[in-house]
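This report concerns only the one structure given below.
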Amino acid sequence: MLRKDDAPFKTVADRATANLYRSPEIEVIYKKWFESPVPPNGLNFRNPMPKVLRSAFANPSDSADPASYER
């Protein structure tokens, strides 16, 4: 969450999240929470990353239009 009138902070936040999304680390984070046992009960969702999410990570956008993520 950020203030509407704080464009410089939005730029920093957008850059930081885009860098994370494009890095190999996003795959590690995703696998930790969606393809591995999750504490405290060891529940494993066994949910591989969908193509549309992989595409959204590869092409970050602040668009509110869901169609913008289906490249």
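3J(HN,Hα) couplings calculated from phi for region 59-69 with the Karplus curve 6.51 cos²θ - 1.76 cosθ + 1.60 (θ = phi - 60°) are, in sequence order, 10, x, 8, 9, 5, 8, 7, x, 5, 5, 9 Hz; Gly and Pro show x.
Please tell me the relative contact order of the chain in percent, rounded to the nearest whole number, where contacts are Cα pairs under 8 Å and at least six residues apart. It rounds to 23 percent for the chain. Each label was represented as a point 7 Å from its Cα along the Cα-to-Cβ direction; for F9 and N41 these points are 3.7 nm apart.
Computed from phi, the 3J(HN,Hα) profile of region 5-13 under the Karplus parametrisation 6.51, -1.76, 1.60 (θ = phi - 60°) reads 9, 10, 4, x, 5, 4, 4, 5, 5 Hz, with x in place of Gly and Pro. Between V38 and L43, N44, the built amide H atoms are under 5 Å apart, and every one of these is 5 or more places off in sequence or on another chain. With R₀ set to 22 Å, the beta-carbon distance separating L2 from I29 gives a calculated FRET efficiency near 0.55. When the convex hull of its Cα atoms is viewed from all sides, region 11-61 shows a mean projected area of 3.9 nm².
Computed from the coordinates by the stated procedures, all read-outs in this text should not be read as laboratory data. If you're wondering where the values come from, they're calculated on a predicted model, not measured in any experiment. All Cβ positions, even for glycine, are placed from backbone atoms using ideal geometry, and neighbour counts span all protein chains on display.
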